[in-house]
1. Suppose each label sits 7 Å from its Cα in the direction of the beta carbon; what would the I46-H64 distance come out to in nanometres?
2. Sum -39500 (n - 2.57) across every DSSP H segment of at least 4 residues in the chain, then divide by the residue count to get the 222 nm mean residue ellipticity, nearest 500.
3. Once the piece of chain linking F118 and A158 is laid out straight, how much longer is it, given 0.36 nm per residue of separation minus the C-alpha distance between them?
4. What is the antiparallel percent of DSSP beta bridges lying wholly in the chain, to the nearest 5?
5. Treat the count of other C-beta atoms within 10 Å as a stand-in for reagent exposure and order F14, F55 from fewest to most.
6. If you take the beta carbon distance between R146 and E23 as r and set R0 to 22 Å, what does 1/(1 + (r/R0)^6) give as a FRET efficiency, to the nearest 0.05?
7. Summarise the long-distance tail of P(r) for the chain by giving the % of C-alpha pairs beyond 22 Å.
8. Dipole magnitude of the chain about its Cα centre, charges +1 at Lys/Arg Cβ and -1 at Asp/Glu Cβ only, in debye to the nearest 20?
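Any read-out appearing in this document is the output of simple, stated calculations on the displayed coordinates, not a laboratory observation. Model, not experiment: these values are computed from the prediction. Cβ atoms come from the backbone with ideal geometry, glycine included; neighbour counts cover every protein chain shown.
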Amino acid sequence: MVFIEDVLISEDVFTETFFCHLEKCKGACCWEGDYGAPLLEDEKIILDKINNHIFSYIPEKSVHFLSENPGYVYEKKQKIWATYCHEDGACVYVHFDSKSGIAHCGIETAHRDNKINFIKPLSCHLYPIRVSKNEVLGFEAWNYDRWDICGAACMLGAEKKTPVFQFLKSAIIRAKGEDFYVQMEEAYQHFRIEKKEDQD
């Protein structure tokens, strides 16, 4: 484990490889799983404000739902707020490309079109890092979440020689700032030196 500022980071974040391969997985993380994207408290407020701006990017059933309900629910088992998912498992904010069948986030698509200034929930942006907080001790834990649907991403990451944290550079900077990411790069170089010494 690596401690940077107030975050305890699993070594897997530095030693495992990852690079999303949407052509292979089709964005399955947007419709598979037990619950939607975990949300920060302020993200619920943001979603309430931007819903009307993304209706043109999501299916009619999602538009209908969001017209009468917030886009999030409280998951009692996990004790978190998360984006709402339809009965088929798809996030209420997901839309599918009619040609490729790839799932895309309606929030992110609207952001790319400069309709909103919120890119997407931080938990989505940071995936496959999962964040858990210890409120009593005052620190976060960042762990690499292994999921079989991301097998192709792991293989592509290996081909590109891209560690998990480097793939998530923009998300990490968004979450903790550039200095935090620089410290992660320094930790990564330490792991590389240790690995080389073990091989010699």
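1. Once both label points are built, they end up 2.9 nm from each other.
2. Details: 10 runs with 83 residues, N = 200.
Taken over the chain, the calculation gives -11500 deg cm²/dmol.
3. Values: separation 40, 0.36 × 40 = 14.40 nm, distance 3.06 nm.
Gain on stretching F118 to A158: 11.3 nm.
4. Numbers: 19 of 22 bridges.
In the chain, approximately 85 percent of DSSP beta bridges are antiparallel ones.
5. Working: F14 21, F55 15.
With the sparsest Cβ surroundings first, the list reads F55, F14.
6. Details: r = 21 Å, r/R0 = 0.94.
E(calc), rounded to 0.05, equals 0.60.
7. The calculated P(r) of the chain puts 52 percent of pairs beyond 22 Å.
8. Values: 23 positive and 33 negative charges, 111 e Å.
The calculated dipole for the chain is roughly 540 debye.
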